[in-house]
Each structure stands twice: as C-alpha cells, then as structure tokens.
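Here the structure is laid out as structure tokens; the discussion comes afterwards.
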Amino acid sequence: MTRLYVFDLDGTLVDSLRDLSDTANELLVDCGGARLDMDAVGQMVGEGVGTLVARVFAAAGIAQPQDAVDRFLAIYATRLLNHTRPYDGIVEVLTALSSRATLAVLTNKPLAATNEILDGLGLSRFFDGASVLGGDGDVPRKPDPTGMMKICAHANVSASATMLVGDSLIDWQTARNAKTTVCLARYGFGYRQFPRDVLRGDERLIDHPLELVHPAYPAPPASRD
C-alpha cells in the first residue's frame, strides 16, 4: 500500500511548457538567436535551469552569455503563471490521495518558482512546506536519490511504501535509485523522449492523472510507442 506519493512538478502536476518555452525564446532573441519550437524546448526540461539554458543555447547555435541563467530566471519570474495550469484532474487526484496518504513534491525547478506556482494554482494546500523540495536546495538534484530519502524520512514512510509520480527518464532514474515504486505520466511532455527500452515492466503507466485514483478511468487514446 502506498503511503507517500512524491510528485514531479513540470509535466506531471502542471503543464508549464508554454511559459518555459516563451522564456527560453525571449532570452534567445535578446541574445541574437532564433526562436525554438515549443516541443523542442520541452525535450530539454527536467535537469534543472542551468542544463535547460545550456541546451537551448546549444540548439540555437549561439554562445551562452555568462549571465544567461540569471537572465532566464528573471524573465521566467514574470511568466510563471501566464499559461501554466494544473493538468485536468490533478486537483481531484490530490484531494483523493491526501485523504489516505502523505503528498510531496520533488522537482529540479528552483524552490521559489515552485512555491509560487503551487500557491498561484491553489495546489500548495496539499503539501506541507518541508515536503516540497526544489533543485536549488541543500540536496543534489534528481536523479540523485537524496531528496527522495529526505522526503521519506520527513514523512516517516519507507521507500517501499513510496511512489514517485513523474514524466521523464530523470524521474524514473530517481525512483530506481531511491528504491521506490514509480508511476510514469505518459501525458506529460517529458515522456515524449522517454527511452522505452529501459522499462522493466513493473512501472505503473498512466495516460491521465485520474488513473491514479480511478484505474479504469477512460483516458483518451494515447500512443504506446
């Protein structure tokens, strides 16, 4: 029985792709580069802002300024909630799960931006402050398991009774490293480039958030490739 659910943020709880893409493209244009396709930016998200910025400059084929990360964060701070919204069914899922388990967030996004998004979308009520860890805190970023183990210790729940819900290879690796179970959100933009050959068959796969609480939920057809 799962007693602790740990959620990734971008691509799992919220669809933030357009705001991230718009931020990246504003920075690139300011630096003399061309805009990137939104889906292309989505494939670069998941390993922290520094990695994302490096990837977008490499994809644009222009040199990255030394202050690029700071400039990205400054732009993104003005766009956090322009288009970012919870995925359909997320509020219902969190409401249902919170009645029988502890909920947490583990993301490689900076903590301040994470909290502002959770607050702005009315999701912070499902998580206590110590159960939300960002990528700029005192523990290494995912896929290092330290953040997961810290959350488990705070909740006093074993890894075997914990499930990580995420949409990317980084999330899958984190769960494996922490020895928790894993649920992969195939609806998230991080799953588009997930290497299917690494799947072991013991992962839970969902095409809609409501499948977490209603396994027979009739989700729209989705590619299994």
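The values are calculated or read from the model by the stated rules, or taken from the named source; none is laboratory data. Quick caveat, the model's predicted, so the values are computed rather than measured. A quick note on method: Cβ atoms are made from the backbone with ideal geometry, for glycine too, and the neighbour counts reach across all protein chains shown.
Table: residues versus (1) closer than 20 Å to residue 103 by Cα; (2) of a type outside the set (A, V, I, L, M); (3) in the same structural domain as residue 50 (by TED's automatic domain parsing).
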position: 141; (1), (2), (3): yes, yes, no
position: 167; (1), (2), (3): yes, yes, no
position: 174; (1), (2), (3): yes, yes, no
position: 185; (1), (2), (3): yes, no, no
position: 193; (1), (2), (3): no, yes, no
position: 206; (1), (2), (3): yes, no, no
Taking the range 41-67 and keeping residues free of Cβ contacts under 8 Å to residues at least 60 places away in the same chain and within 22 Å of the chain's Cα centre (by Cα) leaves 41, 44, 50, 51, 52, 53, 54, 55, 56, 57, 59
When the range 21-40 is checked residue by residue, the ones that are in contact (Cβ under 8 Å) with a residue 24 or more places away in the chain and surrounded by fewer than 17 Cβ atoms within 10 Å (Cβ to Cβ) are 30, 31, 32, 34, 39
Only one of 205, 169, 199, 118 is surrounded by 20 or more Cβ atoms within 10 Å (Cβ to Cβ) and of a type in the set (A, V, I, L, M), namely 118
Taking residue 29 as the residue in question, decide whether it is of a type in the set (A, V, I, L, M, F, W, C) and within 21 Å of residue 114 (Cα to Cα). no
Could you say whether any residue in the range 74-92 is surrounded by 20 or more Cβ atoms within 10 Å (Cβ to Cβ), without any contact (Cβ under 8 Å) to a residue 60 or more places away in the chain and in contact with a Ser or Thr (Cβ under 9 Å, 6 or more places away or on another chain)? yes
Flagged in the range 208-217 as surrounded by 18 or more Cβ atoms within 10 Å (Cβ to Cβ) and not in a helix (DSSP H, G or I), in numbering order, are 208
